[in-house]
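One structure below.
None of the figures in this text is laboratory data; all of them are computed from the coordinates on show. Note that the structure is predicted; figures quoted are calculated from it, not measured. Ideal geometry is used to build each Cβ from the backbone, glycine not excepted, and the neighbour counts take in all protein chains shown.
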C-alpha cells in the first residue's frame, strides 16, 4: 500500500470529499471513509495497522526516530480537525441540494491520483507532513494527532463495543505474563500494552490491531482473536 500511495492517495483525501460534496458528488474518498466506518464494526482499526499507506510512511521513519509518542491530550487534536471537517462536508452537500451523482473516480485520471505536476507536488507535501510529524515527535505521531481517518474507525469500534458485535480483538492472560514488557516495546502506537495485559483489558481507542504485541510475546500471553467481548 505504501508503494501504491502515489496512485491511491486521492481516495484518502480530506479535501477531495469536500470538493465532491460541493457538487453533490459521492467521491472515492467518501466511499473509502464510509467503508472504514462500517469495516471497523468488525475489524476495529485494522486498516491503520495493516493497510494504511500513511502508517507505513511513518513506520519507515522508525529508523530515524523510534521514540515512543505519548499522546495523552494530544490524541484529541484529530477530533478538533475531524468535527469541523465533517460539518463542512455536510454543509456542502446541503448547499448542493443533496446527493446528485456517484463518481468513485472523481477528480482522478481513470482512477489514478497522479495526473499532473500539481498532483505530484501535493503528494509530496502530504507525505512530507505525515513523515515530518513522526520524525519530530515519535512513533506514528501523525496517527495520534492529525489523522482525519482514525475517528471514523474509533467511532465504529465504540459502536461495536456498545452492542457487543463479534469482531477482531486482542485478548490477554495475565497469568501467562512475565512482565518482560516486550509487548510495550514493540507497540508502534506507543501504548503501555503490559499494563493492559495485567488488567486483561486490551481495548484501547489508539490500538491499531497490528498484533505486534502478540507476535513478540515470548509466553503467548496475548492473542488476536475474533469474537464477542467476555
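Let me make sure I get this right: for the stretch 169-230, a, b and c are the square roots of the gyration tensor eigenvalues over alpha carbons, sorted descending. Under 1.5 in a/c it's rounded, otherwise prolate if a/b > b/c, else oblate. Which is it?
Judged from the Cα gyration tensor, the stretch 169-230 comes out rounded (a/c under 1.5).
For every helix of n ≥ 4 consecutive DSSP H residues, a contribution of -39,500 (n - 2.57) applies; sum these over the chain, divide by its total residues, and give [θ] at 222 nm rounded to the nearest 500 deg cm²/dmol.
Rounded to the nearest 500, it is -14500 deg cm²/dmol.
Please give the helix 150-163 orientation as an angle from the longest Cα principal axis of the chain, in degrees from 0 to 90, rounded to the nearest 10.
60
If you wrap a convex hull around the Cα atoms of the chain, how much volume per residue is inside, in Å³?
Normalising the Cα hull of the chain by residue number yields 127 Å³.
What is the distance in Å between the Cα centres of the stretch 1-71 and the stretch 153-230?
Comparing the Cα centres of the stretch 1-71 and the stretch 153-230, I get a distance of 22 Å.
How would 11, 110, 79 line up from fewest to most surrounding beta-carbon atoms within 10 angstrom?
Lowest to highest Cβ neighbour count: 110, 79, 11.
Would you mind computing, in nm to one decimal, how far apart the modelled labels at residue 112 and residue 74 are, each placed 7 Å from Cα along Cα→Cβ?
3.8
Suppose a student asked you for the relative contact order of the chain, using Cα pairs under 8 Å spaced at least 6 residues apart; what percent would you report?
Details: 361 pairs, mean separation 64.6, N = 230.
Once normalised by length, the contact order is 28 percent.
Tell me, 94, 25, 197 in order of fewest to most beta-carbon neighbours within 10 Å?
Neighbour counts put them in this order, fewest first: 94, 25, 197.
Sorting check: for 96-102, 140-146, which peptide has the highest mean count of neighbouring beta carbons within 10 Å, and how do the rest follow?
Highest-to-lowest ranking by the protection proxy: 140-146, 96-102.
In degrees, nearest 10, range 0 to 90: what is the angle between the Cα axis of helix 77-95 and the longest Cα principal axis of the chain?
Tilt relative to the chain: about 30 degrees.
So how do 191, 165 line up by other beta-carbon neighbours within 10 Å, fewest first? Mind showing how you got there, number by number?
Working: 191 20, 165 15.
The order, fewest Cβ neighbours first, is 165, 191.
Would you mind classifying the stretch 101-195 by shape? Square roots of the alpha carbon gyration tensor eigenvalues, ordered a ≥ b ≥ c; an a/c under 1.5 is rounded, otherwise it is prolate if a/b is larger than b/c and oblate if not. Working shown, then result.
Details: a/c = 3.41, a/b = 1.63, b/c = 2.08.
Since a/c reaches 1.5 but b/c is at least a/b, the shape of the stretch 101-195 is classed as oblate.
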